[in-house]
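Values quoted throughout were computed directly from the atomic coordinates according to the rules given, and no laboratory measurement underlies them. Model, not experiment: these values are computed from the prediction. Because the Cβ atoms are built from the backbone with ideal geometry, glycine has one as well, and the counts that use them run over all protein chains shown.
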Amino acid sequence: MEVAAIVQRAERAAVADRLFQGLVALITIFLVALPLVPIVYQSFLSSPLYEPSRALTLSNYLRLLQNPEFREVLSNTLVFAIATTALGLVFGTTLAILVMRTDMPGRTYLARLVISPLFLSPLVIALAWTVIFGPQGYLTQLFRSLAGRDLWNLYSLGGMAVLGGVYYAPYTYLYASGSLALSDPAVEDAARIVGAGPLRTLWWVTLPLLRPALLHSGLLTFITAAEVLSIPLVLGTPVGIELFSSFLYKLGIVGGTTEYGMIAAASVLMLVFLTFLIALQERLLGARRRFVTMTGRATRARLLSLGRIGWAAAASCWLYVLLAIILPLVGIVAQSFTAFLSPFMNPLAVTTLDHYRLIFGHPSYVRSIFNSFLIAFAGGAVGILFTAFVTLVAFRSDFSLRRLLLYVALYPRAIPGIIVGIGFLWTFLLLPGLGTLRNTILGLTLAFITRYIPYGFGAVTPAVFRITEEMDRAARVVGASWITTIRNVLLPLLREALFGGYALLFITFLKEYASAVFLFARGSEVIGTTMIELWRQGDSGPVSALAVVQVALTVLWLGLARGLLGVKLHG
Amino acid sequence: MAELVVEGLRKRFDGVLAVDAVSFTVRDGEFVTLLGPSGCGKSTTLNCIAGFEVPDEGTIKFGDRILTDTRRKIFLRPEARNIGMVFQSYALWPHMTVFENLAFGLRMRRVPQVEIRRRIQWVLSLLQLEGFERRYPHQLSGGQQQRIALARALVYEPSILLLDEPLSNLDAKLREQARFWLRELQQRLRMTAIYVTHDQAEALALSDRVVVMNRGRIMAIGTPREIYELPPNPFVADFMGSCNFLHGHIETIGEANRITVKLHTGKLVQASGLNQFSPGQPVIVAVRPQRVRIRTDGPKEMNTLPGKVESGLYLGASFQYILETPVGSLRVETAEPLQGEVTLYLPPECCIVLPASGSENDGGSPADAPT
């Protein structure tokens, strides 16, 4: 065979390879820089960044640090994040050990329910909790009439932290149960052999071995809790408790353009703090550790027999799931179908479809459902494919900037959703010609993809590592270029992971709201932004109806993904 | 066809020299094995030839084609080298049938469909795998997968074939069979091939020549017989099969490579060696346990020793003993069981004189060489 022709073809293909890899890197850097640059710039400007009279200044930072309100916001955020992390760790670890290491009855069903908040928007969960536990909530009223006084107050830092703990417990649960599934049960057997009882073994062997997983999920919970918007927005704003994201939201929505400098300065401080935490997380565990696959040896651990305690444990777990997840969801469904939900009224007497009529009768509400679906459906597909390219350039090419690309692509973990939205908004305002992007869902899609590249990354990377590099090498050596190898060997082998990642991004995009609250405009409403609008108007019925629509779409999609694509989601 | 020349190859990983000044030539149609313990640099060398690693220094040429030249900044990508390669894991693409696996390389070369069919027919009949075209890799046994991997590497008639421990995933019985047919196939096709393994028996059985490597450097190059019978240094002697090492220095140098060595204990032994030695030079005498003979009685020759059985192992095909002798303990392998006191004879042609460590062919002292 003609060797010269082979060389010539390979050289031509090499140029295409480089171009493609360069393009992927360039787009990634562009996407991540897009929201960050204007924020940093604005934080040093005296007036909004599109105004000609702007001048460089440090006053934004000085004003912010002297603002007593901001100091309170910081301490609130810190208290909330710490308490949420502690509760999430306790809930998640307890459940993981009970499910993975004991014979507690019904543990497989429990496992599925415990992680279900992952598939729900925190906005939906927060609204659902107010239906049951809020000041006018169903159970609150019921117990108030029985006890003669309020037994709890959901609209408080404590209430927010309990909700946070429930909502983020799946993180701990997944990392801890993954670690338990992988750890060699012989280690526990050895402790039993030398004479330790089951509880001592648990305390002295099982738990210490979980430390890396707990450290990782704890930091993850802390970071996400520090930036969450919906929980403080729904539970804190009515009583004037602000956390970081709700503070930014208030500044932006209420203060408007006059507060741009403050918003930017606060965002920069938050970014610095979160970047530090993310770097800490990397250092503690090593960048690769994160992607360690959960499918290890199938050795089954000896399950601890709980005996009669097992039923007690199961009962407490079911009570937890019932109160924290099932009841609120039932409540929000009930509220969406009733004119007025109260323990003192037969709900069947006040059933109505008015809320749904309102939602489906109003073009902008319908549009928000359609937009959310479209972004999830198309944007999710584009997002996962792009993430796959990023992953492959980062781990399976000799592209010279691949390490940098890895860091850039994973950096959005440190950018709170609300800041992504602000950043994109300002970019669109700043760059001429991009302004119209705001009114289309293209702008939102870009923001969502940027924010969730790390999610897609987490879904694809373990699968990439499972494919031996000899697979690519075998293709290269028989004459395939890098792109041909990606197309013909790696992408087909990654099929399942890509479907899984797609299902995940779909759900994530469908429920995303935080990065949209500043960015959306007329024409580009999504479910989350419409829900917040309706909630601010106090329309709890239509809000519930919209929440139910979102949950229904999610459930439908999960069923479809499992049936058609064979996807099994474990979060 | 042409010869492959590797010159002055050097590669560092995190400051550690994985390959250090490696040079060798593979002639047209020759089967050369890179042999050495894990971490010796053999796989890195192979990956440099394949184009998966960029060496820090060195040139790799195939005939007049330069594959890699660090000084002139020439580096051909793997797909431009026209190489065939068999991987340790076989790396058959699981989503393609056998036919598609084999056709992939041909399609990359824009071979017409009719010719693709013809070539796949040819290679499958060569490896006695006719009728397997439509199977998927997971439907094949380990041995069949291994042969398909070889077929995939051969089907487009590459300039050179690289094999990276291709037999290491087969079980012992199958591995022995595979050795036979691989050797037979190579004899028939006269492929230029480089084979990487850590199994010395495999290297001896398959190769025209063996390159023994350790810690990134070449320890010996030669035919299997040369390497085994007359290793140039203690490392090679020990790596090619266990060895007894006796320390001493050169007494006299006689005709036909016959050398008399005075051991540390004062005993004189007749030995042979290829290296250039001078009287008084410290040396090591290497004797393989299988080559030591047992004499019930006989003349008190120079190379006889009294020995006493210390311990023994039954190995099935033979017995292995540790014998206490005036020159130290010796390992001896015999077909017959031994007991008590015996007389040992070390044939001079089996006593190989090697330079003691510290000389130019340093391969580490025998003490830290793997046994």
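Taking only C-alpha pairs under 8 Å that are 6+ residues apart, what is the relative contact order of chain B in percent?
15
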(request) Can you grab the distance from the C-alpha centre of segment A:149-185 to the C-alpha centre of segment B:247-263, Å, no decimals? (result) 80
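So if I place +1 on the C-beta of Lys and Arg and -1 on the C-beta of Asp and Glu, and nothing else carries charge, what would the dipole magnitude of chain A be about its Cα centre? I want it in debye, nearest 20. Write out the running numbers ahead of the final one.
Working: 41 positive and 25 negative charges, 205 e Å.
Computed charge dipole of chain A: roughly 980 debye.
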(request) Could you work out how far the C-alpha centroid of segment A:116-134 sits from that of segment B:301-337, in angstrom? (result) 81
(request) Rank-order A:442-448, B:317-323 by packing density, defined as the average count of other C-beta atoms within 10 Å over each peptide's residues, highest first. (result) A:442-448, B:317-323
(request) Would you mind calculating the relative contact order of chain A from Cα pairs under 8 angstrom and at least 6 residues apart, reporting the percent as a whole number? (result) 22
(message) Give me the base-10 log of I(q)/I(0) for segment A:1-86 at each q in 0.16 Å⁻¹, Debye formula, one uniform scatterer per Cα, rounded to two decimals.
(response) -0.89
(request) Report, as an integer, the average count of C-beta atoms from other chains found within 10 Å of each Cβ along B:81-93. (result) 5
(message) Using a Debye calculation, one point per C-alpha and no hydration shell, please list log10 I(q)/I(0) for the protein assembly as shown at q = 0.05, 0.07 Å⁻¹ in order.
(response) -0.45, -0.78
(message) Counting only other residues whose beta carbon sits under 11 Å from that of A:Ala447, what net charge do I get with K and R as +1, D and E as -1?
(response) +1
(request) Evaluate E = 1/(1 + (r/R0)^6) for B:Asp14 and B:Phe75, where r is the Cβ-Cβ distance and R0 equals 22 Å; express this FRET efficiency to the nearest 0.05. (result) 0.55
(message) Compute the helix-to-body angle for B:172-189: its Cα long axis versus the longest principal axis of chain B, expressed 0 to 90° and rounded to tens.
(response) 70
(request) Once you have the Kirkwood Rh of chain B from its Cα pairs, apply Stokes-Einstein at 20 °C and 1.002 mPa s and quote D in µm²/s. (result) 93
(message) Sequence gap at least 6, Cα distance under 8 Å: using those rules, report the relative contact order of segment B:12-152 to the nearest whole percent.
(response) 18
(message) Residue by residue through B:47-58, how many Cβ atoms from other chains fall within 10 Å of the Cβ on average?
(response) 1
(message) Under a Cβ-only charge scheme (Lys and Arg +1, Asp and Glu -1), can you give me the dipole magnitude of segment B:4-229 about the Cα centre, in debye to the nearest 20?
(response) 580
(message) Quick check: pseudo-label points 7 Å beyond the Cα along Cα→Cβ at B:Lys308 and B:Glu7, how many nm apart are they?
(response) 6.0
(request) With a 10 Å radius around each residue's Cβ, average the other Cβ atoms per peptide and rank B:342-353, A:341-352, B:209-220, A:63-74, highest first. (result) B:209-220, B:342-353, A:63-74, A:341-352
(message) Restricting to DSSP H runs of at least four residues, report the calculated mean residue ellipticity at 222 nm for chain B, -39500 (n - 2.57) per run over all residues, nearest 500 deg cm²/dmol.
(response) -7000 deg cm²/dmol
(request) Please give the average number of partner chain Cβ atoms lying within 10 Å of the Cβ of each residue in B:104-116, rounded to a whole number. (result) 4
(message) How many angstrom lie between the Cα centre of segment B:33-102 and the Cα centre of segment A:200-279?
(response) 49
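Ordered by packing density, taken as the mean number of other Cβ atoms within 10 Å over each peptide's residues, highest first, how do B:259-267, B:286-294, A:222-230 rank?
Going by the mean number of other Cβ atoms within 10 Å, highest first, we get A:222-230, B:286-294, B:259-267.
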(message) Which log10 I(q)/I(0) values does segment B:242-357 give at q = 0.11, 0.16, 0.24 Å⁻¹ under the Debye formula, counting every alpha carbon as one identical point scatterer?
(response) -0.35, -0.71, -1.35
(message) Take A:Ser364 and A:Gln136, extend 7 Å from each Cα along the Cα→Cβ direction, and tell me the distance between the two endpoints in nm.
(response) 2.3
